[in-house]
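Comments concern the structure below.
Since every read-out is calculated from the coordinates, none of them should be taken as a lab result. Please read all numbers here as calculations on a predicted model, not as lab measurements. Methodologically, a virtual Cβ is constructed for each residue, glycine included, from the backbone with ideal geometry; neighbour enumeration extends over all protein chains shown.
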């Protein structure tokens, strides 16, 4: 009797969250933590060197958004590679590129801001080359009945990398300097080696490619079953994953929704994270380590938002949650810009509002990142994640560039120019989050509790 991939994947989808699942989950989480640390620590490195090297807003912005350019390239290229050639190889390559480029920043000569920007390009490229397939693997690995909660929780580890960046900067930069902080970028090399040695290829991708013997063997290992008890499909899928990016346009509603929710969230988030330490240091006239300490709270709020989303996403569903969190981030950013000089019991109200903004922005990412892969299906999984990361990369550029353009790129980074630019810049970031809420409201579909399909199309 002929058997299809549905027979094999039904057995896989009924698996418990066993020890092997959690081992893979932890490895994929480490990719997120250390690669995002490498990317986000630049905000604190720049806050230190901007004064030391007398950088203009334009030079500072080039350093910040060069990482976004690299992220766009990495997402487009490696998203396509991951659908065509598999998820694992791209994760390893991306993590190595991100780690090496980040660590080499510690060795650049004084004042070499162009070299700083070039290395940042490769940090961004390596980041998306690694996290695009790693997110796809976790979505494809997790059984449908656990997927909404488990995959939302997985994205928490991106914020954990963001939390680690200010915590390490606050502890190390003062006594040891920014170069020692940059050296820590090399730690991600260890994670790349561990993924290379222990992470498996995605079962769903192997099945979609018609590599049935490998998929069957991986299911047997995952479930701890004899190979003979695992069905071997004999009917090849009609449509298989490939690297053609034009396939994404076959679902235009999802295409535009993906761009708007990822791009809007990223622009707002990276505007806050990458300029935030510099803004706080200048407006409050505090040392960079003190500003980094404030941003530990801002980053912790982002982690908290993702944890809350993890808990309530199965109750609200993906779409409604996206609407609420999008408009919540809008309100918080408006208030952060308006109350930028106010204090409550000695605490800057701007810091409080930034905490509320990252609670919504980061929490929203925990919902929208797996949602994108769920919507498109296995054949387009990595490319759809790559599309989201591409929009994310544009946000990495537009977010930090926005303040530079509003303040004037030829002006030095100074308290006077920063104070004049804060409110209009934050209103712009708030508008980006409003786009997220509107996109979920008018373009969103519900994927919670619905099984992924192999061919491109919505979950059903």
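Observations on the structure shown:
- Over the range 184-324, relative contact order from alpha-carbon pairs under 8 Å, at least 6 apart, %: 11
- For the chain, the longest principal axis of the alpha carbon atoms and the long axis of helix 156-176 meet at an angle near 40°.
- The ranking of 306, 290, 88 by Cβ neighbour count inside 10 Å, starting from the fewest, reads 290, 88, 306.
- Rounded to the nearest 10 degrees, the inclination of helix 415-443 to the longest alpha-carbon principal axis of the chain is 20 degrees.
- Contour excess over end-to-end distance, with Cα ends at residue 214 and residue 107 and 0.36 nm allotted per residue: 34.1 nm
- Three-way shape call for the range 173-302 based on the alpha-carbon gyration tensor, with the a/c threshold at 1.5: oblate
- In the list (1) 152; (2) 231; (3) 121, the label attached to volume of the Cα convex hull per residue in Å³ as derived from the coordinates here is (3).
- Computed FRET value (nearest 0.05) for residue 22 with residue 179, which takes r as the C-beta separation and R₀ as 30 Å: 0.25
- Relative contact order of the chain, taken over Cα pairs closer than 8 Å and 6 or more residues apart, is 26 percent.
- Cα shape, the range 64-128, gyration tensor, a/c 1.5 rule: oblate
- Cβ-to-Cβ counts within 10 Å put 35, 7 in ascending order as 7, 35, the fewest first.
- Neighbour-count order for 191, 261, fewest beta carbons within 10 angstrom listed first: 191, 261
- In degrees, nearest ten, helix 318-338 long axis to first principal axis of the chain (Cα): 10
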